[in-house]
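> Below you will find the structure I want to go over with you.
The values are calculated or read from the model by the stated rules, or taken from the named source; none is laboratory data. Predicted, not measured: the structure shown is a model, and the values here were computed from it. Cβ atoms come from the backbone with ideal geometry, glycine included; neighbour counts cover every protein chain shown.
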Amino acid sequence: MLLSDRKAGCNTKKRRRSLVVVALLTCLVWHVSRVLKAHTRGSDKKQETLQIPSHASARFGGKLQSVLQSPIQIFAGPLHHWFGYFDKTCDNSNGMVLGMRTTQVKQLPKSKDHVDIGYLVRNASKQDTKFIKIAETTAWNFQQGAMLQWLGESKSIVFNVRSQGGFAGKVLNIETGATSTLPLPVYSVSYDGKLAVSLDFYNIFLNRREYSYIPTKDTAKSELKGILVFPIAKPTMQKLVLNESNLWEDILSGKWSTQVD
């Protein structure tokens with residue numbers, strides 16, 4: 001066997017192991033997000049059943065079932081609008097619907113391509129499709145957007161941005177315009193908007209770039225190697241619930257599940 005063949009074989013094995021790690025991390029982040037969301041619902045067993053929020057039923061005049069079966073276009077062209085991933089809710093009790101807007105949908109976004117962050121207000125008397133832009137970001141992709149989501153039932157939202165050679169989360173109050181920057185990018189947020197989950201988006205880019213953000217030459221490799229939980233109000237109080245270097249041991253022992261609890 002030639003030396004070049006051996007190197008190629010080693011690289012292939014490393015890439016396969018890396019893909020497995022990323023796949024497992026993605027599944028675990030999804031599971032941690034579900035645990036956080038379930039935790040914020042409280043211990044009442046009645047809340048364990050799937051219930052349609054009262055504000056959603058009221059907004060559609062008690063005809064939610066027919067609305068679900070008959071989709072309605074709420075954003076108008078000529079630009080392209082969408083929201084994000086299926087685990088997040090674009091609507092809230094304030095009648096606002098979050099969305100993102102871009103000029104193209106045929107190629108992966110480059111590091112300098114921006115996406116508009118905005119919303120529209122649902123009106124019971126008429127269908128207003130006006131997109132109200134409130135921010136923009138270059139940290140986004142077509143699969144999961146900019147991780148745009150509401151912080152509980154408030155009028156504050158969070159989404160990811162580029163910051164000092166890396167990625168960060170940005171909190172924006174739509175009503176007052178007040179903003180704050182989180183030290184880490186956000187992957188998912190608990191239902192009450194108090195806890196957030198983060199991970200290494202640069203590591204995701206190396207293996208599944210369509211789910212991450214295109215880095216630049218100034219993008220530093222993240223020191224975060226695993227899944228981390230932190231309070232939105234006190235983002236420096238971070239807890240690593242799963243260490244990537246101990247991934248296999250934690251999965252087999254169930255230690256990571258105990259840490260989340």
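> How many of the residues in the range 72-106 are in contact with an Asp or Glu (Cβ under 9 Å, 6 or more places away or on another chain) and either among the hydroxyl-bearing types (Ser, Thr, Tyr) or exposed (fewer than 15 other Cβ atoms within 10 Å of the Cβ) (or both)?
Counting residues in the range 72-106 that are in contact with an Asp or Glu (Cβ under 9 Å, 6 or more places away or on another chain) and either among the hydroxyl-bearing types (Ser, Thr, Tyr) or exposed (fewer than 15 other Cβ atoms within 10 Å of the Cβ) (or both) gives 5.
> What residue, among those in the range 144-158 that are part of a strand (DSSP E or B) and touching a Leu at 6+ places or on another chain (Cβ under 8 Å), is farthest from Val186 (Cα to Cα)?
Filtering the range 144-158 for residues part of a strand (DSSP E or B) gives 145, 149-150, 156-158.
Those still in the list that are touching a Leu at 6+ places or on another chain (Cβ under 8 Å) too: 149-150, 156-158.
Numbers: Gln149: 10, Trp150: 12, Ser156: 14, Ile157: 11, Val158: 8 Å.
Among those residues, the one meeting the criterion is Ser156.
> Considering every residue within the range 177-197, establish whether at least one is over 17 Å from the mean Cα position of the chain (by Cα), more than 20 Å from Cys90 (Cα to Cα) and either at pLDDT 95 or above or in a strand (DSSP E or B) (or both).
Start the filter on the range 177-197 by keeping residues that are over 17 Å from the mean Cα position of the chain (by Cα), which leaves 177-180.
In the following step, the residues that additionally are more than 20 Å from Cys90 (Cα to Cα) were identified as 178, 180.
When the remaining residues are screened for being either at pLDDT 95 or above or in a strand (DSSP E or B) (or both), the result is 178, 180.
Yes, the range 177-197 contains a residue that is over 17 Å from the mean Cα position of the chain (by Cα), more than 20 Å from Cys90 (Cα to Cα) and either at pLDDT 95 or above or in a strand (DSSP E or B) (or both).
> Kindly provide the set of residues from the range 164-177 that are surrounded by fewer than 19 Cβ atoms within 10 Å (Cβ to Cβ), within 15 Å of Trp150 (Cα to Cα) and among the small types (Gly, Ala, Ser), ordered by number.
Gly177
> Between residues in the range 228-253 that are over 16 Å from Asp200 (Cβ atoms) and part of a loop (DSSP other than H, G, I, E, B) and residues that are modelled with pLDDT of 90 or more and aromatic (Phe, Trp, Tyr), which pairs lie under 7 Å by C-beta distance while being six or more apart or on different chains?
Met237/Phe230
Per-residue answers, yes or no, for (1) outside any strand (DSSP E or B); (2) not charged (D, E, K, R):
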residue: Met100; (1), (2): no, yes
residue: Ile117; (1), (2): no, yes
residue: Leu120; (1), (2): no, yes
residue: Thr129; (1), (2): yes, yes
residue: Glu136; (1), (2): no, no
residue: Asn160; (1), (2): no, yes
residue: Leu172; (1), (2): no, yes
